[in-house]
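To keep things clear, I will list the structure first and then write my remarks on it.
The values are calculated or read from the model by the stated rules, or taken from the named source; none is laboratory data. Model, not experiment: these values are computed from the prediction. Here Cβ is always computed from backbone atoms with ideal geometry, including for glycine, and neighbour counts include all displayed protein chains. Keep in mind that these areas ignore ligands, DNA and RNA; they rest on the heavy atoms of the full protein, side chains included. Shrake-Rupley method; radii C 1.70, N 1.55, O 1.52, S 1.80 Å.
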Amino acid sequence: MSTTDPEALIRTLVRPAVQAMRAYHVPPARGLVKLDAMENPYVWPQAVREQWLDALRHAEINRYPDPQAAELKQALRRSQALPEAAELLLGNGSDELIQLLGMALGGQSRAVLSPGPSFAMYRLIAGFTGMAFIEVPLQDEDFALDMPAMRAAIAEQQPAIIYLAYPNNPTGNVFDAEQVREILELAPGVVVVDEAYHAFCGESFVDQVVEQPQLLVMRTLSKMGLAGLRLGYLVAHPAWIRELEKCRLPYNINVLTQCSTEFALNNAALLQEQTARIRADRELLFAQLERLPVVARVWPSRANFLTFRTRPGTAATIHAALRDAGVLIKCLDGSHPLLHDCLRVTVGSPEENRAFLDALAAQTRE
Ligand SMILES: *Cc1c(COP(=O)(O)O)cnc(C)c1O
């Protein structure tokens with residue numbers, strides 16, 4: 001039987017969970033000051049760019065990449081002080097690692113649990129890997145973990161995976177380490193501590209992965225300044241990495257990414273300098289935001305972004321007005337009840353931060 005109506009075939013063939021989803025939307029940013037996606041605003045000095053291009057000259061793009069990415073893993077171990085006895089799993093961004101965990105652990109009657117609001121991909125990927133998604137709301141106002149609710153949800157739902165973004169996106173806070181340890185004690189499955197913003201925070205659970213085999217620590221180079229290369233990594237007990245390796249596509253980290261990230265990690269001081277500057281500028285931006293009448297509240301942040309609340313009912317209008325003025329930030333209003341009237345801005349270069357503050361201050365006067 002042939003049909004000319006793709007919609008009819010889609011309705012019969014595509015899994016209902018996928019049909020119910022909406023694709024992740026990335027707004028166009030061409031020509032705008034881009035402060036919506038936690039990118040590092042800085043490029044490398046010309047001399048370093050030349051050295052990088054020299055390294056790329058030897059990249060064998062006619063060959064498949066090293067499936068183990070052995071040299072890149074060594075560079076990661078060296079530059080990120082990872083525990084000797086732990087193993088590493090590399091992903092095409094940490095998004096791919098979340099997908100891989102879903103494929104390995106997912107299926108009917110398996111659940112993913114995360115406090116919320118948190119990173120959108122946990123829910124999205126649970127959806128298409130056939131897992132139920134349970135969100136336990138964070139506490140209003142300070143976005144701390146609601147431990148009685150977490151304990152109850154873990155006991156009732158027995159989640160196969162718990163994601164804890166540490167620091168959390170989009171709230172910027174870092175959860176209480178003692179409470180994270182309690183969740184590790186209670187969890188019947190794995191606990192993924194997602195340290196995407198580690199470079200801006202400093203606190204980490206990575207040293208505990210060998211003694212605590214249920215703990216998987218996930219990181220990414222994206223927020224450190226290499227978003228375009230797509231490299232995420234999972235640090236865990238070797239037994240877990242061996243198992244998860246079965247679901248990794250053999251050449252998921254391409255030749256150019258292996259070569260470029262290895263080069264960047266061998267110049268880690270440069271990335272550290274940039275992230276230190278961003279951390280300092282975050283505090284300046286925080287103080288400046290607090291002074292604007294249009295801003296009702298700014299939350300302290302341990303990441304490279306700030307989440308703030310506007311006067312009731314004005315967030316969407318302000319977001320659109322900033323875009324019209326050439327500055328793209330993220331509108332969180334409407335994405336979660338706890339985030340009503342909230343906007344999120346990435347800490348950019350001093351010039352970008354100034355453009356953002358000027359555009360926002362202009363709102364006050366209108
Ligand atoms: C940005 C982000 C990621 C995804 O990073 P990629 O490596 O670029 O896929 C993962 N977790 C959190 C909490 C993030 O904010």
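Things to note:
- Among the trypsin sites (Lys or Arg not before Pro) found in segment 1-108, those both in a DSSP coil and sparsely packed, with 11 or fewer other Cβ atoms within 10 Å of their Cβ, are 22, 30, 63.
- Area of residue 297 that stays accessible when all protein chains are in place (1.4 Å probe, Å², to 10): 80
- Positive-end residue, the chain charge dipole about Cα centroid, Cβ charges, pick of 126, 327, 271: 327
- Around residue 20: net Lys/Arg minus Asp/Glu count, Cβ-Cβ under 14 Å: +4
- Karplus-derived 3J(HN,Hα), 6.51/-1.76/1.60, for each residue of segment 111-118, Hz, glycine and proline x: 10, 10, 10, 8, x, x, x, 8
- About its Cα centre, the dipole of segment 209-282 is roughly 200 debye, where the only charges are +1 on Lys and Arg Cβ and -1 on Asp and Glu Cβ.
- Across the accessible surface of segment 62-266, with the other protein chains kept in place and a 1.4 Å probe, carbon and sulfur atoms take up 50 percent.
- Inter-part distance, segment 319-366 to segment 37-72, computed on C-alpha centroids, equals 33 Å.
- When the Cα gyration tensor is reduced to axis lengths a ≥ b ≥ c, the ratio a/c is 1.5 or higher for segment 27-117, and with a/b not above b/c it is classed as oblate.
- Within segment 29-123, GluC sites (Glu not before Pro) in DSSP loop having at most 12 other beta-carbon neighbours inside 10 Å: 60, 84
- Gaussian network model of the chain, Cα within-10 Å springs - most flexible of 217, 18, 112: 18
- Value of D in µm² per second that Stokes-Einstein yields for segment 236-366, Kirkwood Rh from Cα pairs, at 10 °C (1.306 mPa s): 91
- Highest-MSF residue in the chain out of 191, 14, 33 [GNM, Cα springs under 10 Å]: 14
- Dipole magnitude of segment 62-266 about its Cα centre (Cβ charges: Lys, Arg +1; Asp, Glu -1), debye to nearest 20: 860
- Of the listed residues 291, 279, the order by accessible area with a 1.4 Å probe, largest first, is 291, 279.
- Within the full protein context, the accessible area of residue 299 is estimated at about 10 Å² for a probe radius of 1.4 Å.
- Secondary-structure-derived ellipticity at 222 nm for the chain, considering helices only, amounts to -12000 deg cm²/dmol, per-run term -39500 (n - 2.57) for DSSP H runs with n ≥ 4.
- Shape call, the chain: gyration tensor on alpha carbons, a/c limit 1.5: rounded
- Net charge over other residues, Cβ less than 11 angstrom from the Cβ of residue 222 (K, R count +1; D, E count -1): +1
- Antiparallel bridges, percent of DSSP beta bridges restricted to the chain (to nearest 5): 50
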